[in-house]
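Have a look at the structure below before the remarks.
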Amino acid sequence: MAREMLLYVDANAQGKADGTAKNPFSNLMSARDALRQLRRKGKIKSGVRILVTPGVYRQEKTLCFTPEVG
């Protein structure tokens, strides 16, 4: 059984982000876009969980998860 993939988001994140606990995304749209790319490349073999740390996340647009993203 494949392990669940985890993507991390932290409002205070800076620098190069890859969605790991060490280098989280700084916003939800980046996590969504990364998830979309992973799905397109066939790299997701099981469920995905996006872990969002407490903080203020300012959105300029509506965040939408389409069927393509999951």
Fill in the blank from the handout: Flagged pairs (Cβ under 6 angstrom, 6 or more apart or on separate chains; first in segment 31-58, over 12 Å from residue 9 (Cβ atoms); second open to solvent by 50 Å² or more (accessible area, probe 1.4 Å)) are 45/2; 46/2; 46/4; 47/4; 48/5
Problem - Selection from segment 19-46 of residues that are of a type in the set (D, E, K, R), at pLDDT below 95 and open to solvent by 80 Å² or more (accessible area, probe 1.4 Å) - result: 39, 40, 41, 43, 45
Completion exercise
Within segment 1-18, restricting to residues that are hydrophobic (A, V, I, L, M, F, W, C) and surrounded by 13 or more Cβ atoms within 10 Å (Cβ to Cβ), the one that is nearest to residue 56 (Cα to Cα) is 11
Problem - Test: residue 58 is under 10 Å from the mean Cα position of the chain (by Cα) and either assigned to a loop (DSSP other than H, G, I, E, B) or among the basic types (Lys, Arg) (or both) - result: no
Completion exercise
Taking segment 47-70 and keeping only residues that are in contact with a Lys or Arg (Cβ under 7 Å, 6 or more places away or on another chain) and open to solvent by 50 Å² or more (accessible area, probe 1.4 Å), one is left with 63, 65, 68, 70
Handout entry: Test: residue in segment 28-43 that is under 13 Å from the mean Cα position of the chain (by Cα) and not in a helix (DSSP H, G or I)
Key = no
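The values are calculated or read from the model by the stated rules, or taken from the named source; none is laboratory data. The structure presented is a predicted model; accordingly, all values stated were derived computationally and were not measured. Using ideal geometry, Cβ is built from the backbone for each residue, glycine included, and neighbour counts are taken over all protein chains shown. Keep in mind that these areas ignore ligands, DNA and RNA; they rest on the heavy atoms of the full protein, side chains included. Shrake-Rupley method; radii C 1.70, N 1.55, O 1.52, S 1.80 Å.
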